[in-house]
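Taking it in order: structure first as structure tokens, then the write-up.
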Amino acid sequence: MDDPPRLSLGKLGPGSGDPGNERGPGRIAVRQKRRIYWTRSRKEALAAWLFILPDFVGLLIFVAVPMALSLSLGFFSVDGFGGYKFIGLANYNRMFHDPLFLKSIGVTVVYVVCLVPGLYVSGLGLAILVRQKIPWIGVWRSLFFMPYVVSLVVIALIWKVLLIDKVGFINQMLELVGLQGRSWLGDPEFALGAVLVVTIWFLMGYYMIIFLSGLQEIPREYYEAARIDGAKPWAMFTKITLPLLRPTSFFVILVSTVAAVSGSSAFDLIYVMTNGGPANSTSLAVFYIYEQAFKFNNYGYAAAMASSLVVILLAITVVLFALTRGGRFHLG
């Protein structure tokens, strides 16, 4: 019986179509498809997403999920001992008939209206000052920024001692120059103003750094050309500095507004210095929410107020973006 014909491996070339051959046409086509898919832009996009992924997961777990839980909690009555009862919109209806909550909203509005311009003016003024060529400029920058790196609770305790009635350092200095001291933290007319002054003093160094980075992006050639044309300092400030600082100004206004409504300074300073008093004159919305949740165990009501506050902040942010187009301020 004749032997079956044998296939000679030597006759198989690179293009023979052998599936085990690494240089076969099928393997080459796969490699070409991979090269076409993994373009440079897609590789850069993948690298960007990999860098963003840790922050995205953190925001999802520690921000998005708690916000969703807080929103849903606002529709329940929670007693703090594991009891949940669905009550629909009762908590939201209660907010509109709660005089203390409405007063806290009014106090918050006054606080924001005074704090945001104060931080803008003080931060920009300090940034312009420390940008000048003066001796020991690094030391001055450090001194202005130093309060921001100190614990906010320590700052509140120090200022509470300085502003205490009669024996406080501020009142003693006023009496030395013939002025009568005030009950800065015990009088409803002065308590919120005192907290505002301390807040501005604490935060102005941080916003100084932000404005300083924006000022350093402005080419000095613009100012030199303006001086050659005979422009005065005020004209250079209004025609060069402010227009080119619009993106930085937008960022400062947005961040300071959010900080004034729900930041740590809006709670820590109030809690330590005044505890919301006297007569609820310094009870900001975030502090009132804290009281309802952790003093009176009204967790559902507090969650409803917190959700409403987030919606208000989102609305303010949308309005700012709409009016300024993200800081570009182009009207056309």
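The values are calculated or read from the model by the stated rules, or taken from the named source; none is laboratory data. Note that the structure is predicted; figures quoted are calculated from it, not measured. Don't worry about glycine lacking a Cβ; one is built from the backbone with ideal geometry, like all the others, and counts go over all protein chains shown. These area figures cover heavy atoms from the full protein model, side chains too; ligands, DNA and RNA do not enter into them. Shrake-Rupley method; radii C 1.70, N 1.55, O 1.52, S 1.80 Å.
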Matching residues in the stretch 242-256 - criterion: being out of contact with any Ser or Thr (no Cβ under 9 Å at 6 or more places or on another chain) and either modelled with pLDDT of 90 or more or among the aliphatic types (A, V, I, L, M) (or both): 244, 245, 251, 252, 255, 256
Among what's in the stretch 241-259 and is assigned to a helix (DSSP H, G or I) and among the aliphatic types (A, V, I, L, M), pick the residue that is most open to solvent (accessible area, probe 1.4 Å). 244
So which helices (runs of 4 or more DSSP H) are wholly in the stretch 1-94 and hold at least 2 residues that are more than 20 Å from residue 307 (Cβ to Cβ) and either modelled with pLDDT under 85 or among the aliphatic types (A, V, I, L, M) (or both)? 25-37, 40-59
Pick from 167, 161, 195: which is surrounded by fewer than 16 Cβ atoms within 10 Å (Cβ to Cβ) and in a helix (DSSP H, G or I)? 161
When restricted to 293, 306, 302, the only residue small (Gly, Ala, Ser), within 21 Å of the chain's Cα centre (by Cα) and either crowded, with 22+ Cβ neighbours inside 10 Å or assigned to a helix (DSSP H, G or I) (or both) is 306
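If only one of 317, 238, 324 is of a type in the set (S, T, N, Q), without any contact (Cβ under 8 Å) to a residue 40 or more places away in the chain, more than 30 Å from residue 154 (Cβ to Cβ) and surrounded by fewer than 19 Cβ atoms within 10 Å (Cβ to Cβ), which one is it?
Checking each option against the conditions leaves just 238.
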Taking only pairs six or more apart or across chains, which ones have beta-carbon atoms under 8 Å, a first residue in the stretch 55-74 that is within 18 Å of residue 88 (Cβ to Cβ), and a second residue that is open to solvent by 60 Å² or more (accessible area, probe 1.4 Å)? 73/299
